[in-house]
Amino acid sequence: MFNKDLRFGYFERTCALLTCSKDKGVLELYVPDAQKRFSLKKRFNAFTGKNAGDKVVAGDLKTPIGIYTLVEKKRQVDPFYGPMAFVTSYPNLYDRIRGKNGTGIWIHGVPLNGTRDPFTKGCIAINNNDLIQLDQSINPANTLLIIDSSLKQGVSSAAYSAILAGLHQWKYAWTYNDLDTYLASYDPSFKRSDGMNFSQFKAYKERIFSKNEDKTILLDHLNIIPYPGEKQNLFWVTFNQLYVSDSHKFEGEKSLLVRLNPNQSISILTEE
């Protein structure tokens, strides 16, 4: 833990990071080495949404604040957007449970002919040569985009240790059918990706745990990233999960949004 580069989070899964500071008008690319230490590879001037603040609804002309993946590379776009574009995953899970909407938040270029205003409708725009350099420098499937007005850095190693301990306790309780300890890891405001609230989730888990099945649950390749723009000590947690019980098997990506509480316990606000 103490030898890790924790400037942007705790990473077990290697990925490139794009960080966008809306206040500074820059998009930066950080690439990890074999020890997962991030170094700045490229810095681009960037245009963002015309209006300040976090995006809430379609048409508000704001660039969202949050953590996103690049879900598609568009090779053919309207010439207004330059030679190509990367499509982001906005709205992400946390956006959706808060009722945010709108789509089409891209990283794109500038008009191939003519000029444009020094702002966007909510996208991130960089010069076309910079966009081509970016395309040559990243694998979109293995790149995270962190957008904020001022990026959070300097979270203590103790905070990440507490979150890892809380995740271990949550997994242990889940594995051994300790329902009370398991549910204690969830916030009363919890809402799952499918809209299930805490009361519904509790009833669902009571039925599952009552079967008293033997389970194997493995978590690996954890990433824990401070969620930008928040003052609640929120962290975006992703990992690969293997779940095997007598009646069910699942292996795949899982995402949680957790709050680190003052007593160093965790509360899960949403999951997918």
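The values are calculated or read from the model by the stated rules, or taken from the named source; none is laboratory data. Please read these numbers as outputs of a predicted model, since none were measured by experiment. Backbone-built Cβ (ideal geometry, glycine too); neighbour counts: all protein chains shown. Remember, those area values only see protein heavy atoms, side chains included, never the ligands or the DNA or RNA. Shrake-Rupley method; radii C 1.70, N 1.55, O 1.52, S 1.80 Å.
At a glance:
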read-out: Qualifying positions in segment 79-104 - polar (S, T, N, Q) and either surrounded by fewer than 19 Cβ atoms within 10 Å (Cβ to Cβ) or closer than 16 Å to Glu271 by Cα (or both); value: Ser89, Asn92, Asn101, Thr103
read-out: Candidate set: segment 27-53, residues that are at pLDDT 95 or above and farther than 22 Å from Ser137 by Cβ; chosen: the one least open to solvent (accessible area, probe 1.4 Å); value: Gly49
read-out: Scan of segment 52-82 for residues that are part of a loop (DSSP other than H, G, I, E, B) and either hydroxyl-bearing (Ser, Thr, Tyr) or in contact with a His (Cβ under 9 Å, 6 or more places away or on another chain) (or both), ordered by number; value: Thr63, Val77, Gly82
read-out: Residue list for segment 3-26, restricted to those being among the aliphatic types (A, V, I, L, M), surrounded by 17 or more Cβ atoms within 10 Å (Cβ to Cβ) and outside any loop (DSSP other than H, G, I, E, B); value: Ala16, Leu17, Leu18
read-out: Of residues in segment 128-168 being in a strand (DSSP E or B) and modelled with pLDDT of 95 or more, the one surrounded by the most Cβ atoms within 10 Å (Cβ to Cβ); value: Ile147
read-out: Residues of segment 227-251 classified as open to solvent by 10 Å² or more (accessible area, probe 1.4 Å) and either of a type in the set (A, V, I, L, M, F, W, C) or touching a Phe, Trp or Tyr at 6+ places or on another chain (Cβ under 6 Å) (or both), total; value: 5
read-out: Unique residue being more than 21 Å from Leu93 (Cα to Cα), surrounded by 13 or more Cβ atoms within 10 Å (Cβ to Cβ) and charged (D, E, K, R) when the list is Lys171, Lys254, Lys191; value: Lys171
